[in-house]
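A.B. asks: Just passing along the structure, written as structure tokens.
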Amino acid sequence: MQIDTNRFSWFDVSDDVKELLVLATQTWDNTEASENYIQQALAKTEENTCVLVAAYRYFYYKNNYFLALTTAEKITAKIKKEENLPDNWQALLPILVQRHQEPQIRLFLNAYAASGLVLAKLGKIEQAKEISARIKDIDDKNDFGGGILLDILTRPPEEDD
């Protein structure tokens, strides 16, 4: 079967990796096969950001929250290293506020917010609240969804009438 890998021209990976990603979508209903293609793509590209994002989405929508979280954390760690960002949140916060419109920092914030969402899905509510609050402090327009998730996680239970 010939696969048109030009549809994914923005992916800075080889055609064989693009083909694996296409095969993962084509075999979506067969989780074992599709996940195998995703894992092969990850193995061939190491830490390619585009493939990591695709893998995060795959794992999230397949409800494999453990691997979705692991992948989101790989994305944030990769960007932290590439951008030489500090580990300490207090030192990191002003950098993120100042640079939040830069593509790499936006991706960092998206992945960090995504990790908060996945933590909530995994029942780790306090960790999810902490991440959501941090994102909300940066995200005055709610582009990354931290405020929405924090509101959901901190909303008092509705009283039954």
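A.B. asks: Scan the stretch 100-123 residue by residue and report those that are farther than 14 Å from Ile152 by Cα and surrounded by fewer than 17 Cβ atoms within 10 Å (Cβ to Cβ).
C.D. replies: Gln101, Glu102, Pro103, Gln104, Arg106, Leu122 - these are the residues of the stretch 100-123 that are farther than 14 Å from Ile152 by Cα and surrounded by fewer than 17 Cβ atoms within 10 Å (Cβ to Cβ).
A.B. asks: Assess whether Leu150 counts as being part of a helix (DSSP H, G or I), touching a helix residue (DSSP H, G or I) at 6+ places or on another chain (Cβ under 9 Å) and modelled with pLDDT of 95 or more.
C.D. replies: Criteria not met by Leu150.
A.B. asks: Out of the residues in the stretch 26-51 that are in contact with a helix residue (DSSP H, G or I) (Cβ under 6 Å, 6 or more places away or on another chain) and more than 23 Å from Lys121 (Cβ to Cβ), state the one that is surrounded by the most Cβ atoms within 10 Å (Cβ to Cβ).
C.D. replies: Taking the stretch 26-51 as the starting set, the residues that turn out to be in contact with a helix residue (DSSP H, G or I) (Cβ under 6 Å, 6 or more places away or on another chain) are 27-28, 34, 37-38, 40-42, 44-45, 47, 51.
Then drop every residue that is not more than 23 Å from Lys121 (Cβ to Cβ), which leaves 27, 37, 40-41, 44-45, 47.
Working: Thr27: 15, Tyr37: 21, Gln40: 17, Ala41: 27, Lys44: 14, Thr45: 19, Glu47: 13.
This residue is Ala41.
A.B. asks: What single numbered condition from (1) more than 21 Å from Gln39 (Cβ to Cβ); (2) assigned to a helix (DSSP H, G or I); (3) of a type in the set (A, V, I, L, M) fails to hold for Leu85?
C.D. replies: Just one mismatch for Leu85, condition (2).
A.B. asks: What number of residues within the stretch 68-82 are open to solvent by less than 70 Å² (accessible area, probe 1.4 Å), out of contact with any helix residue (DSSP H, G or I) (no Cβ under 6 Å at 6 or more places or on another chain) and not polar (S, T, N, Q)? Can you show your working first?
C.D. replies: The initial filter retains those residues of the stretch 68-82 that are open to solvent by less than 70 Å² (accessible area, probe 1.4 Å), namely 68-72, 75-80.
Narrowing the set further to residues that are out of contact with any helix residue (DSSP H, G or I) (no Cβ under 6 Å at 6 or more places or on another chain) leaves 70, 77-78, 80.
From the residues that got through so far, the ones that are not polar (S, T, N, Q) too are 77-78, 80.
The total comes to 3.
A.B. asks: Among the candidates Ala128, Ala54, Ala91, which residue alone is modelled with pLDDT of 95 or more, among the hydrophobic types (A, V, I, L, M, F, W, C) and open to solvent by less than 30 Å² (accessible area, probe 1.4 Å)?
C.D. replies: After applying the criteria, what remains is Ala128.
A.B. asks: I would also like to ask the following. For the condition in contact (Cβ under 8 Å) with a residue 12 or more places away in the chain, assigned to a loop (DSSP other than H, G, I, E, B) and farther than 20 Å from Ile135 by Cβ, what is the one hit in Asp29, Asp12?
C.D. replies: Only one candidate passes the filter, namely Asp12.
A.B. asks: Sticking with this one: Yes or no: Glu47 assigned to a loop (DSSP other than H, G, I, E, B), under 27 Å from Ser14 (Cα atoms) and not hydroxyl-bearing (Ser, Thr, Tyr)? Spell out how you get there, then give the answer.
C.D. replies: Working: assigned to a loop (DSSP other than H, G, I, E, B): yes; under 27 Å from Ser14 (Cα atoms): yes; not hydroxyl-bearing (Ser, Thr, Tyr): yes.
Answer is yes for this residue.
The values are calculated or read from the model by the stated rules, or taken from the named source; none is laboratory data. It should be emphasised that the depicted structure is a prediction, and the values quoted were computed from it without experimental measurement. No Cβ is skipped: glycine too gets one built from the backbone with ideal geometry, and neighbour counts run over all protein chains shown. These area figures cover heavy atoms from the full protein model, side chains too; ligands, DNA and RNA do not enter into them. Shrake-Rupley method; radii C 1.70, N 1.55, O 1.52, S 1.80 Å.
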